[in-house]
Amino acid sequence: MRRFWIIAVFGFLTSVAMGEGQMPLSDANILQYGSLQNCRMRFEKEKKGHVAFIGGSITQMNGYRPMLMKMLQERFPGTEFTFTDAGISSTCSTTGAFRLQDHVLSKGPVDLFFVEFAVNDDQDAAHASRECLRGMEGVVRHTRMHNPNADIVITFFVNPHMLGIWKDGKDPIPAGAHAKVAKHYGVSVNNLGKELADQEKAGKFSWREFGGVHPGEAGNRLCVNIIGRLMDIEWKGKPVAAKAKAYAIPEPLDKKSYYRGRLLDPAKVKLPEGAAYETPNWKELKGGCRAKFKNEKLICLDKPGTELKVEFEGTAIGAYVLAGPDAGTVETTVDGKNPAKVNLYHRYSGGLQYPRTVMFATDLQEGRHVLTLKVSEETGSKLKGHAIRVLNFVAN
């Protein structure tokens, strides 16, 4: 039998359907490091709001994002919302930090920003703590630099590996790093993964009922209910702020975090003979290409020895690529130093033109640099290919 919890919000009632067998929420897994007062003031007094979402497939799918959009519209029926969906399947917080400017901030200052990268930092990128922190700090710090009034909520979604760690009373690597960023910058956290672990241990809700890595309706509803509870804690019975209060922007946790991350315009890269800036003929290539990328132009190289140079300014350089069954290996130097080889083939590349960001250098001195990239004779791909397909070079 379904149970319904009725929450009074600003003089009207909103019904929130709980998943079957799901226990009432506690507040233990709401980490209230930040505030939601600035966005509330915008929504209530100015009757406008820019709400953005960034993450991987959990954000891109028909899941918690549209549920939250609906909930906000119901809570603020007279508000004109602009919603930005910047979810891209398979992408981690590193990619998120570099695409943030083009995919979110270019749409205007964000009033309320929902971020999720814990699962993809774990199972797709397999990031160490440093990379998890650099990516998430890049997203949060860059957003606050763009709009110091931005309210942000980070959600920790969950996979079986992470669920087991939470059940053991520990934090998965991405969650620990992301929480460190959240606490440092005053960003509230929806610790959904820990909530599921607690409910499963209590025999009240299960992984099967949750719906898996890409949650079903009940799992997404649990996520939205936690965020709704955070909103109630922040707003219920409290006056609307007279004006927005800017968040302090402390010193970075890691000075090389990707808070200056950006996509470099591929059309401005000077291409050598043997390279092209074009839309690949995906029908003739192995590995599926997702609809989002099918009409994109990419820098394409596939002949060993082909070399190109990219001028950039900053402390880090990499590439946002599509790496399929024929993905190759690149040999790189920066300013003629620190030679490295990077295999673009990913364990998920076997049947997919897989989107990923690979970093070639991350701890450079500030200033102007030149990346030299060469298609290697070596290859670790399934088809023993040498293909390099670059959506954007990225710099910090």
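Each row is one residue, and each column tells you yes or no for (1) surrounded by fewer than 22 Cβ atoms within 10 Å (Cβ to Cβ); (2) among the basic types (Lys, Arg); (3) within 19 Å of the chain's Cα centre (by Cα); (4) assigned to a helix (DSSP H, G or I).
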residue: Ala197; (1), (2), (3), (4): no, no, no, yes
residue: Glu200; (1), (2), (3), (4): yes, no, no, yes
residue: Gly203; (1), (2), (3), (4): yes, no, no, no
residue: His214; (1), (2), (3), (4): yes, no, yes, no
residue: Asn225; (1), (2), (3), (4): no, no, no, yes
residue: Leu230; (1), (2), (3), (4): yes, no, no, yes
residue: Glu234; (1), (2), (3), (4): yes, no, no, yes
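Where strands (runs of 3 or more DSSP E) sit wholly within the range 47-118, those with at least 3 residues that are in contact with a Phe, Trp or Tyr (Cβ under 9 Å, 6 or more places away or on another chain) and buried (at least 22 other Cβ atoms within 10 Å of the Cβ) occupy 48-55, 112-116.
This table checks each residue for (1) modelled with pLDDT of 95 or more; (2) in contact with an Asp or Glu (Cβ under 6 Å, 6 or more places away or on another chain).
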residue: Ala248; (1), (2): yes, no
residue: Ser257; (1), (2): yes, yes
residue: Gly261; (1), (2): yes, no
residue: Gly274; (1), (2): no, no
residue: Tyr277; (1), (2): yes, no
residue: Cys289; (1), (2): yes, no
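When Lys256, Lys303 are checked against the criterion of being out of contact with any His (no Cβ under 9 Å at 6 or more places or on another chain) and either in contact (Cβ under 8 Å) with a residue 24 or more places away in the chain or over 19 Å from Gly385 (Cβ atoms) (or both), a single residue qualifies: Lys256.
The set of residues from the range 183-223 being among the β-branched types (Val, Ile, Thr) and touching a strand residue (DSSP E or B) at 6+ places or on another chain (Cβ under 8 Å) comprises Val187, Val189. Quick check on my filter: what residues within the range 261-296 are in a helix (DSSP H, G or I), among the hydrophobic types (A, V, I, L, M, F, W, C) and over 19 Å from Pro355 (Cα atoms)? Matches in the range 261-296: Ala267 only.
Every condition in (1) under 23 Å from Asn396 (Cα atoms); (2) over 15 Å from the mean Cα position of the chain (by Cα) holds for Ala86 except the one numbered (2). I need every pair where a residue in the range 71-86 that is without any contact (Cβ under 8 Å) to a residue 12 or more places away in the chain has its Cβ under 9 Å from the Cβ of a residue that is surrounded by 13 or more Cβ atoms within 10 Å (Cβ to Cβ) and of a type in the set (Phe, Trp, Tyr), sequence separation at least 6 or different chains. Sorted first by the residue in the range 71-86, then by its partner, the pairs are Gln73/Phe81. Every listed requirement among (1) touching a residue at least 24 places away in the same chain (Cβ under 8 Å); (2) in a loop (DSSP other than H, G, I, E, B) is met by Asp171 save one, (1).
On inspection, His127 passes the criterion of being at negative phi and assigned to a loop (DSSP other than H, G, I, E, B). Applying the criterion of at least 3 residues that are closer than 23 Å to Ser57 by Cβ to the strands (runs of 3 or more DSSP E) found wholly in the range 322-396 leaves 354-361, 388-395. Of the residues making up the range 123-139, those that are surrounded by fewer than 23 Cβ atoms within 10 Å (Cβ to Cβ) and either free of Cβ contacts under 8 Å to residues at least 60 places away in the same chain or polar (S, T, N, Q) (or both) are Gln123, Ala126, His127, Ala128, Ser129, Glu131. Condition first: polar (S, T, N, Q) and closer than 23 Å to Leu100 by Cα. Now tell me which residues in the range 272-328 satisfy that. Result: Asn295, Thr315. Residue check: Pro174 meets all listed conditions (1) more than 17 Å from Ala52 (Cα to Cα); (2) at pLDDT 95 or above; (3) of a type outside the set (S, T, N, Q); (4) surrounded by fewer than 23 Cβ atoms within 10 Å (Cβ to Cβ) but one, namely (4). One residue alone among Ile30, Ile88 is modelled with pLDDT of 95 or more, of a type in the set (A, V, I, L, M, F, W, C) and touching a Pro at 6+ places or on another chain (Cβ under 8 Å), and that residue is Ile88.
The values are calculated or read from the model by the stated rules, or taken from the named source; none is laboratory data. No experiment lies behind these values; they were computed from the predicted model shown. So basically every Cβ, Gly included, is an ideal-geometry build from the backbone, and we count neighbours across all protein chains shown.
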